[in-house]
Amino acid sequence: MFVYLSMIEDDYMRERLTSIYMKYRNLMFYAADSILHNEHDAEDIVHDAFVIFIDYLDRFDDKEYNIKPFLLTIVENRAINLWKRQRHFGEQVPYDEEIHTIAGKSENIGLEEAIERLSPEYRSVILLRFHFGFTTREIAKMLRKKEGTVTRTITRAKVKLSKELENIRKELSEI
């Protein structure tokens, strides 16, 4: 925690970060561990997520409703990337596609439901770009990917989202 606080000069922001850290660290750890099944790697992912979050802390107002999905998006992406790297280098790491849903369950079927149906990679970039309003460059920096890769992922995610919305419309018309 002291590492994070040393990165911030404003006392109010330090208090705010402390509050956010205490509130979400366990949830973030659980999300990373549910993907990686390794406590040490999950702790590293949570640390990375908070280091990234500090750069964007001032973008979030005092209402914290956007902070949770933002943090979980970062954790999920970082954990999946690490899982893929480990798998690529021969480590057998189980991965469950039924991981937590960032947007949360909604009573209303529609756009939120379609976003929930997307793969974690596509769901994350859609939320970062269109819900949180980050630029492609900012998303690329957060996810440590090339800007062109993020642009292509957003394009593919929009196509998938469109198909999911169409599927939901068909499901509703059959009721």
Legend entry - Residue pairs meeting the criteria (Cβ under 9 Å; at least 6 apart or on separate chains; first in the same structural domain as residue 53 (by TED's automatic domain parsing) and surrounded by 15 or more Cβ atoms within 10 Å (Cβ to Cβ), in region 9-30; second in a helix (DSSP H, G or I) and of a type in the set (Asp, Glu)): 13/58; 29/39; 29/43
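Which of the residues belonging to region 1-18 are of a type in the set (Ser, Thr, Tyr) and modelled with pLDDT under 80?
Passing the criteria: 4, 6.
What number of residues in region 163-175 are of a type in the set (S, T, N, Q) and either touching a strand residue (DSSP E or B) at 6+ places or on another chain (Cβ under 6 Å) or surrounded by 11 or more Cβ atoms within 10 Å (Cβ to Cβ) (or both)? Write out each step before concluding.
Initially, region 163-175 is screened for residues of a type in the set (S, T, N, Q), giving 167, 173.
Now narrow it down to the ones that are either touching a strand residue (DSSP E or B) at 6+ places or on another chain (Cβ under 6 Å) or surrounded by 11 or more Cβ atoms within 10 Å (Cβ to Cβ) (or both): 167.
Result for region 163-175: 1.
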Legend entry - Wholly enclosed helices (runs of 4 or more DSSP H) of region 89-144 bearing at least 1 residues at pLDDT 75 or above, closer than 24 Å to residue 50 by Cβ and over 11 Å from the mean Cα position of the chain (by Cα): 136-143
Legend entry - Residues satisfying the stated conditions in region 105-155, i.e. polar (S, T, N, Q) and either crowded, with 20+ Cβ neighbours inside 10 Å or in contact (Cβ under 8 Å) with a residue 12 or more places away in the chain (or both): 119, 124, 136, 151, 153
Legend entry - Criterion violated by residue 78 - all others in (1) modelled with pLDDT under 85; (2) under 10 Å from the mean Cα position of the chain (by Cα); (3) assigned to a helix (DSSP H, G or I) satisfied: (1)
Inset, instruction - Would you confirm whether any residue within region 31-45 is of a type outside the set (D, E, K, R), at pLDDT below 85, closer than 21 Å to residue 141 by Cα and not in a loop (DSSP other than H, G, I, E, B)? - result: no
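Would you say residue 38 is out of contact with any Ser or Thr (no Cβ under 9 Å at 6 or more places or on another chain), more than 25 Å from residue 9 (Cα to Cα), among the polar types (S, T, N, Q) and surrounded by fewer than 22 Cβ atoms within 10 Å (Cβ to Cβ)? Reasoning before the result, please.
Numbers: out of contact with any Ser or Thr (no Cβ under 9 Å at 6 or more places or on another chain): yes; more than 25 Å from residue 9 (Cα to Cα): yes; among the polar types (S, T, N, Q): yes; surrounded by fewer than 22 Cβ atoms within 10 Å (Cβ to Cβ): yes.
Criteria met by residue 38.
The values are calculated or read from the model by the stated rules, or taken from the named source; none is laboratory data. Everything numeric in this text was worked out from a predicted model, so none of it was measured. Neighbour counts are summed over all protein chains in view; Cβ atoms, including those assigned to glycine, are modelled from backbone coordinates with ideal geometry.
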